[in-house]
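Here is the structure we will look at.
Bear in mind these aren't lab numbers, they're just calculated from the coordinates by the rules spelled out. Not measured: the values here are computed from a predicted model. Cβ coordinates were reconstructed from backbone atoms using ideal geometry, including for glycine residues, and neighbour counts include every protein chain displayed.
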Amino acid sequence: MKHIVCALVIVGFLCTLGCGRREISSEGKVLRLLSYRTRPNVNPQAIRHAEDAIRAIPSKAPIMERLEWGRIRGESTLRYYVLVLFEDQQLLRNEEFFKATQEVVGLDDLGPYFSGAATTPFFIHDATPHVRTSTHGMLRRVVQVHFNPDTTREQMQEFEDKIVALPDQISEITRLEWGASTGYDPADPAPQAIDPNFRNGSYCVLFTFARVRARDACLAHPAYAEFQRMAKDYSTRTPSAYEFVSRVEYIADSD
């Protein structure tokens, strides 16, 4: 009986980490990263409003493959990160999606407590295609790199090869996805179709770790130090990195 109770406790714990959630491959899809930052000493009611609005995005615009989000706390502010995965870049122009994301900061009755921004979309590749565990409840580290305009295509390829090799070199990486900027502007009245081979030196790298100690081991690994060195050598500015515990809010049903 004691063993059965222990097993049930373990299963219950796993379910809190996303048990039953069907993970999907990000390969060949388009990622949009949204960020929201609060003003200092934000009203708790505004925080509840913002989190409810994030959770409601899939129901108001059910056009995405996956939506996950998390938050980090500064000294007097909160920052929210929302990762949205799309099958088709044209969906970035969806009016319902735009309105739903604007509602996160649309606090007319509460005051201007939030500011919001969105990155350029990235065409995503999965460097760990054999991994299909959910990212729910795991630590996500997002690294963004912007190369110098004179960076050659050969140097970009060298950097991409370095990214792809990291999971084999660092066992603590649970999952690694990466993408180059698509060059796609949803505000353009006649945007060009996304070219998977397009490169302008703007990259987004998504690391997933099961625990903080795994993240620490990765950051201390020589292979990660080499990845960092290459990013800094080619970049116009210091690469940005931020982390949050992932909450998988929505995964589209399979066809």
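Could you sort the peptides 202-211, 232-241, 42-51, 122-131 by per-residue average Cβ neighbour count (10 Å cutoff), highest mean leading?
Values: 202-211: 20.7, 232-241: 13.7, 42-51: 16.2, 122-131: 18.2.
Descending mean neighbour count gives 202-211, 122-131, 42-51, 232-241.
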Fill in: Pairwise label distance in nanometres, Ala252 with Gln169, each label 7 Å out on the Cα-Cβ vector
3.4
Discussion item. What does the C-alpha gyration tensor say about the overall shape of the range 44-139? Classify as rounded when a/c is under 1.5, otherwise prolate if a/b is larger than b/c, or oblate.
Written reply: oblate
Worksheet item: Given 0.36 nm per residue, what is the gain on full extension from Glu95 to Arg153 after removing their alpha carbon distance, in nm?
Response: 17.3 nm
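Rounded to the nearest 0.05, what FRET efficiency is calculated for Arg237 and Gln45 with R0 set to 41 Å and r the Cβ-Cβ distance?
Computed FRET efficiency for Arg237 and Gln45: 0.65.
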Practice prompt. For Val212 and Ser35, compute 0.36 nm times the residue count separating them, minus their Cα-Cα distance, and round to one decimal in nm.
Written response: 61.5 nm
Worksheet entry | Integer Hz, Karplus 6.51/-1.76/1.60 couplings in order for the range 25-33, x for Gly and Pro | 6, 8, 3, x, 10, 10, 9, 10, 9
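Take the Cα gyration tensor of the range 47-92, multiply each eigenvalue by 5, square-root it, and list the three semi-axes largest first, rounded to whole angstrom.
Listed largest to smallest, the semi-axes of the range 47-92 are 24, 12, 7 Å.
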